[in-house]
Amino acid sequence: MQSVLNTVKGTALNVAEYLTPVLKESKFRETGVLTPEEFVAAGDHLVHHCPTWQWAAGDETKTKPYLPKDKQFLITRNVPCYRRCKQMEYVGEETLVEEESGDGGWVETHQLNDDGTTQLEDKICELTMEETKDEMHTPDSDKSAPGVAGAEAEDDDDDEAIDMDDFEESGMLDLVDPAVATTTRKAEPEAKVSPGAGASGGEAEASGDSVLHTRTYDLHITYDKYYQTPRLWVVGYDEQRKPLTVEQMYEDVSQDHAKKTVTMESHPHLPGPNMASVHPCRHADIMKKIIQTVEEGGGQLGVHLYLIIFLKFVQTVIPTIEYDFTQNFNMS
């Protein structure tokens, strides 16, 4: 039912976008929206500072006349996604980032403790090597005891320092240091890798390939003429570079936004099947709040930074897709 409603709504918005005139006058500071020229300027800034993003022309039959032919939308490819959203352990209560209507706001679902750490770090410390494929041991691990080691350490402090030349000639350098751990790998039967599965987004192939195979995503940023803001699109691939199904892609979307903020719609510049898109209805409001926060702190936000900031706040929707390697941004 939800997919039917999204389809009807998408069709209506396509008609509305067609009838909406192109924004000519800048209203960036007042309402958080962009003109097509400002979108291109912000895109050029993103490409310059983060070369993994590039401009694309798209299908000629879908070229938008209000954008340059060679700068119809932005694209970055092969972005890794190592985990599923359900594998993330959210800490603390959810924070509502923006709320003005009954539709609710953006939900920041992963937060840090007051000291900047997460409970996940404590759980990692509790892990033992018995849970992994490797067993760590030292040559004297079975016969050494903490008390004995402490006594030997005190005796060593009282000994006279050994001359290094005599130490080399004695052959002591060839002995195995019992304090150095060695690694022994257990032989395991070959395992089949199921597409789209894996606790960390994919495992090495059974042939012994040491490369970590994981899901990847291609990300697109288009200009939405109706909402007058950028719009993010994502298409995913499994470990064998086969397209993910709709339900598999929803596994990499925050459950607070799946099928609500993120819906499957037709790409404005490319033919083919529908792609997952982060709906832009809240983008201008969020950007307006960020602009006001910066100005209240005595700063000023340039329109060229729009996409840098845009990519940071939509990360809450797709938290496991690790695309944000752009420059840092300070709101104070």
### Query
Using a basic spin-label model with each label point 7 Å from the Cα along Cα→Cβ, how many nm lie between Lys27 and Glu169?
8.9
### Summary
Heavy-atom accessible area per residue of region 34-75, all protein chains kept, 1.4 Å probe, expressed in Å², is 49
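Quick one: accessible area per residue over region 206-292, 1.4 Å probe, rounded to a whole number of Å²?
Per-residue accessible area for region 206-292 comes out at 38 Å².
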## Note on the structure
Label model pair Gln87, His49: point-to-point distance (7 angstrom along the Cα→beta-carbon line) in nm is 3.1
### Message
Taking 25 Å as R0, compute the FRET efficiency from the Cβ-Cβ separation of Tyr66 and Gln300 and round it to 0.05.
### Response
0.35
### Message
For a quick check of understanding: with a 1.4 angstrom probe and all protein chains in place, what accessible area in square angstrom does Asp324 have, to the nearest ten?
### Response
40
### Query
With every protein chain in place, what's the accessible area of His304 (1.4 Å probe, Å², nearest 10)?
80
### Contact order relative to length of region 229-332, as percent, for alpha carbon pairs under 8 angstrom and 6 or more apart
29
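The values are calculated or read from the model by the stated rules, or taken from the named source; none is laboratory data. Everything numeric here is computed off the predicted structure, so don't read it as measured data. Heads up, the Cβs are rebuilt from the backbone with ideal geometry, glycines too, and the neighbour counts pull from every protein chain shown. These accessible areas exclude ligands, DNA and RNA; they are computed on the full protein's heavy atoms, side chains included. Shrake-Rupley method; radii C 1.70, N 1.55, O 1.52, S 1.80 Å.
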